[in-house]
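Please treat every number below as a calculation from the coordinates, not as lab data. What you see is a predicted model, and the numbers here were worked out from it, not measured in a lab. A quick note on method: Cβ atoms are made from the backbone with ideal geometry, for glycine too, and the neighbour counts reach across all protein chains shown.
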Amino acid sequence: MASPISYAQGVLIILLSASMFAVGFAKTIVVGGTENWHFGFNYTNWAFQNSPMYLNDALVFKYDPPNGSTTFPHSVYMLRDFRSFLACDFRRAKMVANVTHGGGKGFKFVMKKWQPYYFACGEGSGFHCNTGMMKFAVFPLPRCHF
Ligand SMILES: [Cu+2]
């Protein structure tokens, strides 16, 4: 009698479930893609195009530390709510990365909570956030494991 599942089918099932399992792993996302974290790129648009993002996904902010005259320094702040996000109001914002943290492999932020995250560059008293468009919002979704 032939077994109900052949060896080849068995291997296929293992491969399929392995790839489904891989889908369940958190991703590492470089903010802005190849643009990295700089003045004048539309990060709201970028976030929209790269959604959905999921819980435990890591965002990587890459920007050069200040090096004399050639680069404008950047930073990463978490704004408190949607209102302060819209207004680029940093009064109660929390700094998560200073001007040097984005160098090398960048600054990594893991989204561990099921909440909206409002990120913005805090340099230039809101100028980078407002005019430079260096802000975006993410609401990470829970991943489904089947
Ligand atoms: Cu900036």
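For this structure, a couple of remarks:
- P(r) of the stretch 26-138 over all Cα-Cα pairs, binned every 5 Å from zero, in whole percent: 2, 13, 24, 27, 21, 9, 2, 1, 0
- For the pair the stretch 106-146 / the stretch 50-79, the C-alpha centres are spaced 9 Å from each other.
- Value of relative contact order over the stretch 26-138, rounded to a whole percent, pairs C-alpha under 8 Å and six or more apart: 33 percent
- Here, P(r) means the percent of Cα pairs in each 5 Å bin from 0 to the largest distance; for the stretch 94-140 it is 5, 19, 23, 27, 18, 7, 0.
- Dipole magnitude of the stretch 26-138, debye to nearest 20 (Cβ charges: Lys/Arg +1, Asp/Glu -1, about Cα centre): 400 debye
- Spherically averaged projected area in nm², based on the convex hull that wraps the Cα atoms of the stretch 33-74: 3.6 nm²
- Neighbour net charge for R80 - beta-carbon separation under 9 angstrom, K R +1, D E -1: +2
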